[in-house]
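**Student:** Here it is: the structure, laid out below.
The values are calculated or read from the model by the stated rules, or taken from the named source; none is laboratory data. A quick note: this is a predicted structure, and the numbers were derived from the prediction, not measured. All Cβ positions, glycine included, derive from the backbone under ideal geometry; neighbour counts span all protein chains shown.
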Amino acid sequence: MKDDLRLTRHPRYEGNIMPIEKPSDIPERWRNTPIEELILSQNFEKEIIPQESPQLSVATCIEFRYQPRLPSSFAYILRRAGGHLIGSEFSLTYTLAKGVRHLALVGHNDCGMTKVADHKQKMIDTLIEQGWYKDRAEDYISIYASRYAIPDELDTLQREYLRLRRLFKKLEIAPLFISLAKSKFYLPTWYFRMLINGDVDKAVGSESPVRDEDILPLI
């Protein structure tokens, strides 16, 4: 409990995440879906019955302190720095082609991508040690640090949720936030407000086409 209080009272998260303390706290639209099974497993240690084929995709950070409580064959796991799926849209499309219709988009506290600036020189030195030319290493880290660095985990989760909603209009996306100390899921307050206001399905025009400018920045 102390760990949860420390998280929820942190200035970055206070008032911006809601605990999922009982199964009835899970949003109605996720009931009887693989998303509900994921939350029940992670927060309440309910066993997931293995499936013959994956039912869910879970997109999360490369963070080593969090491991989803999932059996084999239940979910595709997409790990990218900061939970950004920029550059992994092809992988996500593959999972959809295999029948997956639900995506858990998981952010977490104390993300290393909020501290990228502190590690830039070490990353450059690492590439040089690996045989890169100094100028190429500096250019690469400069470009990709700006691409993956995030100022705030919850704001980034919201922006990635809205971006993916624009690109994958028929996919049910569940934005979740996990406490590394307790390995428990929380619900972002901004998503809860969307649910209350009936705005989840209005977040993007479900019938509007994906525009060229939505796709080209992915390349």
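**Student:** Among residues belonging to region 67-78 that are over 15 Å from Tyr161 (Cα atoms) and touching a strand residue (DSSP E or B) at 6+ places or on another chain (Cβ under 6 Å), point out the one that is surrounded by the fewest Cβ atoms within 10 Å (Cβ to Cβ).
**Tutor:** Step by step, filter region 67-78, then rank; the result is Ile77.
**Student:** With the checklist (1) of a type in the set (Gly, Ala, Ser); (2) in a helix (DSSP H, G or I); (3) farther than 24 Å from Val58 by Cα in hand, flag the one item Ala145 doesn't pass.
**Tutor:** (3)
**Student:** Would you mind finding the one in Thr33, Thr93 that is surrounded by 14 or more Cβ atoms within 10 Å (Cβ to Cβ) and at pLDDT 95 or above?
**Tutor:** None of the other options fit; the residue is Thr33.
**Student:** Which of (1) more than 17 Å from Thr156 (Cβ to Cβ); (2) touching a residue at least 12 places away in the same chain (Cβ under 8 Å); (3) surrounded by fewer than 16 Cβ atoms within 10 Å (Cβ to Cβ); (4) within 22 Å of the chain's Cα centre (by Cα) does Phe64 not meet, given it meets every other one?
**Tutor:** (2)
**Student:** Which residue pairs have Cβ atoms closer than 9 Å, lie 6 or more positions apart in sequence or on different chains, and pair a first residue in region 152-165 that is under 13 Å from His84 (Cβ atoms) with a second residue that is in a helix (DSSP H, G or I) and among the polar types (S, T, N, Q)?
**Tutor:** What qualifies is Glu153/Thr114; Thr156/Thr114.
**Student:** Something else now. Being of a type outside the set (Phe, Trp, Tyr) and within 23 Å of Asp201 (Cα to Cα): is that true of Ile20 here?
**Tutor:** yes
**Student:** Moving on to the next point. Checking Tyr66 against (1) hydroxyl-bearing (Ser, Thr, Tyr); (2) assigned to a loop (DSSP other than H, G, I, E, B); (3) over 16 Å from Leu180 (Cα atoms), which single condition isn't satisfied?
**Tutor:** Only one criterion in (1) hydroxyl-bearing (Ser, Thr, Tyr); (2) assigned to a loop (DSSP other than H, G, I, E, B); (3) over 16 Å from Leu180 (Cα atoms) is unmet by Tyr66, namely (3).
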